[in-house]
Amino acid sequence: MTPTHRQASVSTRWTWFLSGGVAVIAAYYVLPAFDAPPLARDLVSQLFPIGATAALVAGIRLYRPARRLPWILLALAQAANLTGDLINLLQNQVFHVDQYPSPSDVCYLVAYPLVGAALVLFVRRRTPGSHAPAVIDAAVVSIALGLLWWLYVVRPPSSCSACTFSGSPAVPAARMARSASTCRS
């Protein structure tokens, strides 16, 4: 395959992927006008995580990056989010159960360390070696953000009487850890 032919096929793939995304968005917002059941709209909404996971896997297979591990971790994280979404969809639309915590929350929580590890690997590839000043800067920012996060996001829900799950700070804590891993860049 010549470089010009390959560029044309990449351009064509992008166009089809973008056109498909626009069609899915249109279908998502048009379905309620046709009195489609909520399950149909939820299934259409699942096409985005399916497409994202498929695009990551296809990109890894087509382009064979020199360092695949961060890309594989991103694909696994997206697959974990997709699995959580599908479990949540089954619980809500098929079994009519809306519980918290649920098995889907485990999938969502698994995705955070995978994304964090991928981000760290991307940054390490860009700036190899040990950079103590950058790590100290990231730690200071992370601790400051963590304090604010705990005071205004985690603590208010966990101190209310309606919150019965003691692990409810897990998702905000995972988001904070993921944000902290990006501070080093």
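Grab the eigenvalues of the alpha-carbon gyration tensor for region 109-152, scale each by 5, take roots, and send me the semi-axes largest first in whole angstrom.
Working from the Cα gyration tensor, I get semi-axes of 22, 17, 5 Å.
Find how many whole Å separate the alpha carbon centroid of region 112-144 from the alpha carbon centroid of region 6-56.
Rounded to whole Å, the Cα centres lie 34 Å apart.
Per-residue counts of other Cβ atoms within 10 Å, averaged by peptide: what ranking do you get for 123-133, 143-153, highest first?
Put in order of decreasing packing, that is 143-153, 123-133.
What nm value, rounded to one decimal, do you get for the distance between ALA33 and GLN93 when each label is placed 7 Å out toward the C-beta?
For the pair ALA33/GLN93, the computed spacing is 2.1 nm.
Just the C-alpha atoms of region 44-88: what Rg/Rh do they give, with Rh taken as the Kirkwood radius?
1.03
How big is region 13-58 along each principal axis, measuring the range of its Cα positions in Å and listing the largest first?
The Cα atoms of region 13-58 stretch 35, 18, 8 Å along the principal axes, largest first.
Taking a temperature of 10 °C and a viscosity of 1.306 mPa s, what whole-number D in µm²/s does Stokes-Einstein yield for region 3-131 with Rh from Kirkwood over alpha carbon pairs?
93 µm²/s
Every number here is computed from the coordinates shown, using simple stated rules; none is lab data. This one's a predicted model, so the numbers in the text were calculated from it and none came from an experiment. When we count neighbours, we look across all protein chains shown, and the Cβ atoms used for this are built from the backbone with ideal geometry, even at glycine.
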